[in-house]
Amino acid sequence: MTTQTYIDSRDITGKMSDIFQQTMGFILANIKYLQGEQGVNSPGVPEIFRIVFEELLVNALVHRDYFISAPVRVFIFSDRIELINPGHLPNNLTWERGRDAGAPGYSKMGKLFKTCFFVFERLVTAYGGSRF
């Protein structure tokens, strides 16, 4: 069941590099770290790899609409992190059509979505759902 109440949130503005650094810092400060087999004085391993957040954030910053003056909004929930970026999907593209590699005019995007979902599923299978 998806929770509707967030634990923490932040609106982040500034130059692209500042937005990236502040958002990464906020996310990494709010995720769980696993101790595993490490000693008590070890910092622990992030529950979700840093590279996952870096990729999502870079993608969000590259594809945001810079004609809209609005912050990047980050919400931390107990079961997910939401990143809200100014802008929208172009023309008549929907998430459903984007995932469908056969949709006219969007086959490359659809294939990319399918590849990303495939990689994500493999990571979840390989490392366990608690890390993703």
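Are there any pairs, at least 6 apart or on different chains, whose C-beta atoms fall under 8 Å, with the first in the stretch 68-79 and assigned by TED's automatic domain parsing to the domain that holds residue 23 and touching a residue at least 60 places away in the same chain (Cβ under 8 Å) and the second basic (Lys, Arg) and part of a strand (DSSP E or B), and if so, which?
Sorted first by the residue in the stretch 68-79, then by its partner, the pairs are 73/10; 74/10.
In the stretch 1-17, what count of residues is obtained for those that are small (Gly, Ala, Ser) and touching a residue at least 40 places away in the same chain (Cβ under 8 Å)?
Number satisfying all stated conditions: 1.
Within the stretch 18-49, restricting attention to residues that are part of a loop (DSSP other than H, G, I, E, B) and touching a residue at least 24 places away in the same chain (Cβ under 8 Å), which residue is nearest to residue 7 (Cα to Cα)?
Residue satisfying both the conditions and the ranking: 31.
What number goes with the only condition from (1) outside any loop (DSSP other than H, G, I, E, B); (2) modelled with pLDDT of 85 or more that residue 68 does not pass?
(1)
The values are calculated or read from the model by the stated rules, or taken from the named source; none is laboratory data. Since the model is a prediction, treat every value here as computed from it, not as a measurement. Here the Cβ is made from the backbone with ideal geometry for all residues, glycine too, and neighbour counts use every protein chain on show.
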